[in-house]
Amino acid sequence: MATTFGDFARSGGPARVTNQHVSLPEALAEAQRLSHELEQERVRGRRLEEELRDARRLEAVGRLAGGVAHDFSNILAVITGYSELMLKRMDPTDPLRTGAESIRKAAVWGLNLTQHMLTSSRAVAPAPSTLDLNSVAASVVRTLQPLLGDRIDVVLRPEPQLGRVSLNGGQLEQALMNLILNARDAMPGGGRVTIETSNTTLDSPPAGPLRAVVVRVTDTGCGMDAATLSRAFEPYFTTKPPGRGTGLGLATVFAFITQSGGQVEATSEIGQGSTVTIYLPRVDDAGEAAPPAPAGATTVLVVEPEAGVRELIGEILEIHGYHVLSARDLDEALAVSVRHQGPVALVIADLLSPGVSAEGFLQRLGPDRVGARVIYLSGDLEDTVEEAHGLPAGRAYLHKPFTVDALVHRVHEMLGG
């Protein structure tokens, strides 16, 4: 005997079911279907909760990164600046030169870690420059040699006519470093790492044909099975024991390359080693010559609260023929400006110094300083990348920590045109 649901209306539903005759098995089947859908919704809800927790964790990391970036950048600016000054003053054959280069490179990689935290949390892309990938690869290998040891041979096979790429140099170095150190870790008993570069054209990437520069890193290590290979680029996935790996190395490489418009491929077999291939968009080399330095003793006012950074900037500029006035804040800058009788062509000021980011801060230095050009210093990538696009003429940003060449180039750029 069939069970009848007479004049039944679904609560809250748009339709009305009237005088429907539904058998008991049909009703049970419908109840089972609804129960299954409910369980799927519960699973989906738990997954969304997990994703929300992950998002909140990343947000917390972002806030922490932003809080330490400025102070950390000041420390790195002093290390990179003085190590570069040492290198410029050293004879090329000086036996201490290799150590000084390693100090500078380590500081640059510290900057890259800061940038990675900021870009991961804010999706801010650091400023690119035109690079020779062969030179970058050779520099990274030279710096990593002490970490690779005597049991690992590194073979460089550069393409002589290699095209250029437009990327952030520090992040590219960090990516290559991660690939080489991963290859080292796959060969605890020793082996060979081969780094090859070439030009190619990919016919069917998502955005159409891609003229690419290729870098391929191959090791003779233990290799990976298919299951491990499929997860190689997942964040936090690692086969290394606790304390030996974070699972972020290859994930960082993948994120950087794909955000730069490139592609990453990995192949591996157990006992046959692994190969990671990176394809980067090729660009025409337009050159980046800095304008010539201005003649005469042009006066530059430096407003920087950190004494180490302030002294470093002053020393760099004085070496390049500038007359430098220094102050730790705007009040001291006003006193220095009043005492100086001549013109001030350029003000270099830390963006986080009180009053520097306000409208009319040049007027506070005196009516004769209104026409000065300004370079804002900041350890925050969001300032230097996003807000720089809206700066008026005569204003520019320089990210901390900066290299000696980057500072001199920016000063020449501001005063030479």
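The table for this structure:
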read-out	value
Label point distance in nm, Thr130-Ala226, each placed 7 Å from Cα along Cα→Cβ	4.6 nm
Extension gain (nm, one decimal) between Glu51 and Gln259, 0.36 nm per residue minus Cα-Cα	72.7 nm
For Ala212, residues with placed amide H under 5 Å, excluding near neighbours	Thr200, Thr201, Leu202, Arg282
Distance between modelled label sites at Glu159 and Ala393, nm, 7 Å Cα→Cβ extension	4.2 nm
For the range 311-371: rounded, prolate or oblate by the Cα gyration tensor [a/c cutoff 1.5]	oblate
Heavy-atom surface of the range 139-195, accessible at 1.4 Å and reported per residue (Å²)	46 Å²
Estimated distance in nm for a label pair at Asp91 and Gln40, the labels positioned 7 Å out from Cα along Cα-to-Cβ	7.7 nm
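The values are calculated or read from the model by the stated rules, or taken from the named source; none is laboratory data. Computed from a prediction, not measured in an experiment: that's the story for all the values here. Cβ coordinates were reconstructed from backbone atoms using ideal geometry, including for glycine residues, and neighbour counts include every protein chain displayed. Heads up: the accessible areas ignore ligands, DNA and RNA and are worked out on the full protein's heavy atoms, side chains in. Shrake-Rupley method; radii C 1.70, N 1.55, O 1.52, S 1.80 Å.
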